[in-house]
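So the structure is just underneath, and the comments pick up after that.
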Amino acid sequence: MKNSDNLSKLSNEALMKTLKNAKKQFIGFMIFFVLLVVGCNYFTITKGFGIYTMVPVIFIPIIIANIFNYGKIKQEAKIRKLM
């Protein structure tokens, strides 16, 4: 969902389904990111500074977009008093 206008056009059932999927994606991506940071720190400690050190930085914009997307969906559900 790129636009809050699209969220307002969804039915209550579709919004709750979207919220559930967004929550699963958010949790999954955060688990992936934590494992990525741990793995990159391990490589940095064992092999020294390299490309692996900077890999988690590439994913920060994706995390920020994910947080905002989940927040918008959650806010729309609260406006409709579905939560």
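Mean Kyte-Doolittle hydropathy of 0.0 or higher plus an axial Cα length of 15 Å or more: which whole DSSP H helices in the chain meet both? Before the final figure, lay out the partial values.
Working: long enough: 12-47 (51 Å, 0.67); 60-79 (28 Å, 0.45).
Flagged H segments are 12-47, 60-79.
Quickly estimate the mean residue ellipticity at 222 nm for the chain, helices only: each DSSP H run with n ≥ 4 gives -39500 (n - 2.57), and the total goes over all residues, rounded to 500.
Theoretical 222 nm ellipticity from helices: -28500 deg cm²/dmol.
Which whole-percent values make up P(r) of the chain when all C-alpha to C-alpha distances are grouped in 10 Å steps starting at zero?
17, 37, 21, 15, 8, 1
Under a 5 Å amide H to amide H cut-off, with H placed in plane at 1.01 Å, what residues pair with PHE59 once short-range neighbours are removed?
Here nothing satisfies the definition.
Note down the relative contact order for the chain as a percent, whole number, built from C-alpha pairs under 8 angstrom at least six residues apart.
Details: 40 pairs, mean separation 37.2, N = 83.
This gives 45 percent for the chain.
Taken together, the values in this text are just the output of simple stated rules run on the coordinates, not laboratory data. Please read all numbers here as calculations on a predicted model, not as lab measurements.
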